[in-house]
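Notes to accompany the following structure.
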Amino acid sequence: RDDLVIHVWDHHVQGGNIQASWQCLEATGSTVTLLVREMRKRNIVLSPLDSTVLLIGIYEDTGNLSYPSTTADDALAASFLLGNGADLNVASFFLNPPYEEAQRNILFKLLEKTEKYTHHKLSFAVNIIRLDQKIPMLSSVVNMYRKLINVEAVFVIFINSETSCTVIGRSGSDRIDVSSILKHFGGGG
């Protein structure tokens, strides 16, 4: 299309065949490094989630800063992101997932259907997922989900069948006692 303005950011300096209006081509280990440098110049504020996603990009492109193409700028960008709250546990999950495809699919479904709430200045989320099969390690998936959406607590209702469901709650705050809440539903933990 002739009406598009195209900007290219690439760490492969040989470029490609895209006709760009503007481009930044620089030999770094990751294109994210170039973007982070520009965000810093513009004083763009990054949330911990933004920083984590960007860090995953740097680690993926640089083999966790170990590939020969890795530069000092890549390490500086990673350091900046860590200083802005990037979560290495979350990054590690996506770079070296300990889960099977079924667990990842559940996590993605949870992320798609997130509803966040605030009560007495505490944030939490409630989600409902229908399961087609028995999936192990759901509590770990719910724990990761809480970290990714950055709330104090989550409650997920997994519908197993017409007559059976499992409720899993996770809290990252001592102000929300998930165990006492779930006792009202016959659970605990």
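Just grab the label-to-label distance for residue 88 and residue 166, each label 7 Å out from Cα along the Cβ direction, in nm (one decimal).
Label at residue 88, label at residue 166, 3.1 nm between them.
Using a probe radius of 1.4 Å on heavy atoms only, what accessible surface per residue do you get for region 15-129? Whole Å² is fine.
Working: 6810 Å² over 115 residues.
Heavy-atom SASA per residue in region 15-129 reads 59 Å².
Cα axis of helix 138-149 to longest principal axis of the chain: angle in degrees, 0 to 90, nearest 10?
It works out to around 50 degrees.
May I ask you to list the lysines whose Cα is less than 27 Å away from that of residue 113, ignoring any residue fewer than eight positions away on the same chain?
121, 134, 147, 183
Given the C-alpha atoms of the chain, compute the convex hull and give its volume per residue in Å³. If you can, show how the numbers build up before the last one.
Values: hull volume 35.2 nm³, N = 189.
So the per-residue Cα hull volume is 186 Å³.
Please give the length that would be gained between residue 21 and residue 76 if that part of the chain were fully extended, namely 0.36 nm times their separation in residues minus their C-alpha to C-alpha distance (nm, one decimal).
Values: separation 55, 0.36 × 55 = 19.80 nm, distance 2.85 nm.
Gain on stretching residue 21 to residue 76: 17.0 nm.
Using only Cα atoms and rounding to the nearest 10 degrees, what angle (0 to 90) does helix 72-83 make with the longest principal axis of the chain?
Between helix and principal axis, roughly 30 degrees.
With label points built 7 Å along Cα→Cβ from the Cα atoms of residue 184 and residue 60, find their separation and express it in nm.
4.0
The values are calculated or read from the model by the stated rules, or taken from the named source; none is laboratory data. Given the structure is predicted, the values throughout are model-derived calculations rather than measurements. Positions of Cβ are generated from backbone atoms using ideal geometry, with glycine treated the same way; all protein chains shown enter the neighbour counts. These area figures cover heavy atoms from the full protein model, side chains too; ligands, DNA and RNA do not enter into them. Shrake-Rupley method; radii C 1.70, N 1.55, O 1.52, S 1.80 Å.
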